[in-house]
Amino acid sequence: MEVQCPVCSAKFTVPETISVATCPYCGTTFELESQKKVGEHFFFPPIGKDPAGLLLKFISREYGAPADIVQAKIKEKVLHYVPVYFFYLHGKLRGSTAEEVMLTGIPAVGKFRELLRDYPFPVRGKRFFDESMVKKGKYYEPEISREDAEKEAVAKIMSAIRAEARDSGDSFTEGALDLDVHYQGLVHYPIWEVCYEYGGEDFYGFIDGADGRIIEARYPMTGEARKKAGVLGAGILAAGVISGIVFASMGGAWGFLGGFIPGLAGAAPILFKSAHRVQTTGQIRRVYEHIHFKP
Ligand SMILES: [Zn+2]
């Protein structure tokens with residue numbers, strides 16, 4: 001049957017047999033009959049896959065990873081249950097077309113604040129919190145209050161609307177902002193931390209326990225791969241210098257920069273890679289998550 005979300009008004013289909021649904025767009029969990037929001041504390045169940053296997057397989061496909069990295073020794077695997085406050089926000093600037101809708105998670109434990117900043121958490125799949133899961137991992141109480149988390153979420157949407165207003169040449173004042181904030185609950189989110197040993201050294205990786213994505217991983221780059229990257233980077237840089245000289249002959253000093261700067265921009269990430277033996281990688285596109293409002 002088709003149901004409508006009481007918070008964001010989205011329509012979606014659910015099986016006839018259920019009485020409680022979670023909106024796939026804004027994360028609200030509500031009772032179908034009364035349309036009332038239910039639950040303030042949730043968790044995501046971890047997937048059954050081995051996080052160490054996922055991590056090493058991912059690293060083995062990265063540039064310059066040692067061929068035998070999949071055989072690295074796993075030293076430790078810890079499942080962290082990280083508290084995250086979720087908010088659904090809708091903001092509109094009066095007298096402007098600037099309007100934003102945002103579903104955001106604010107991590108509430110210091111150790112994970114940086115790792116999970118602007119993290120694209122899934123909307124589907126959460127469950128009502130159940131005491132028995134506390135024993136299955138390392139459980140944390142929130143270190144920041146819901147009020148402080150809400151302030152952060154509001155600051156995020158305000159900066160998005162401010163940017164949008166600027167883009168369309170409108171002026172931004174807080175007084176002209178209509179803001180709707182819905183607290184969607186505290187979610188304990190599973191994050192695996194894996195430590196492995198390679199060549200007598202320890203390396204770490206963080207894996208999303210709910211869907212298996214590699215959030216952040218470190219690995220040693222082989223000497224051969226570093227040398228190749230160095231040669232390639234130097235080549236691109238040299239090409240930049242040459243095109244700079246060619247441009248300079250046509251347009252003077254600015255012409256030189258016009259040729260050289262793109263070369264430098266192309267070479268820098270490759271040279272940076274070649275200069276670091278330990279690489280940091282991951283599968284998460286850490287974009288600032290916001291959706292421009294489409295009426
Ligand atoms: Zn909704």
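Coordinate-derived values only; no laboratory data. Predicted model only: the values in this text are computed from it and were never measured. Positions of Cβ are backbone-derived with ideal geometry, glycine not excepted, and every protein chain shown enters the neighbour counts.
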A correct Stokes-Einstein calculation for the chain, using the alpha-carbon Kirkwood radius, 25 °C and 0.890 mPa s, returns a whole-number D in µm² s⁻¹ of 109
Computed ³J(HN,Hα) along segment 230-244: with the Karplus parameters 6.51/-1.76/1.60, θ = phi - 60°, integer Hz and x for glycine or proline, the list is x, 5, 4, x, 5, x, 5, 4, 4, 4, x, 5, 5, 5, x
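Mind checking the full-extension length gain between Val70 and Ala268? Use 0.36 nm per residue of separation minus the Cα-Cα distance, one decimal, nm. Each step should come with its number before you reach the end.
Values: separation 198, 0.36 × 198 = 71.28 nm, distance 2.95 nm.
Roughly 68.3 nm would be gained on extension.
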Whole-Å distance linking the alpha carbon centroid of segment 263-279 with that of segment 25-52 is 42
So the pair-distance distribution of segment 7-127, from every Cα-Cα distance in 5 Å bins, comes to percents of 2, 8, 13, 15, 15, 13, 12, 9, 6, 5, 2, 1, 0
Under the 7 Å Cα-to-Cβ spin-label approximation, Leu257 and Lys49 lie apart by a distance in nanometres of 4.7
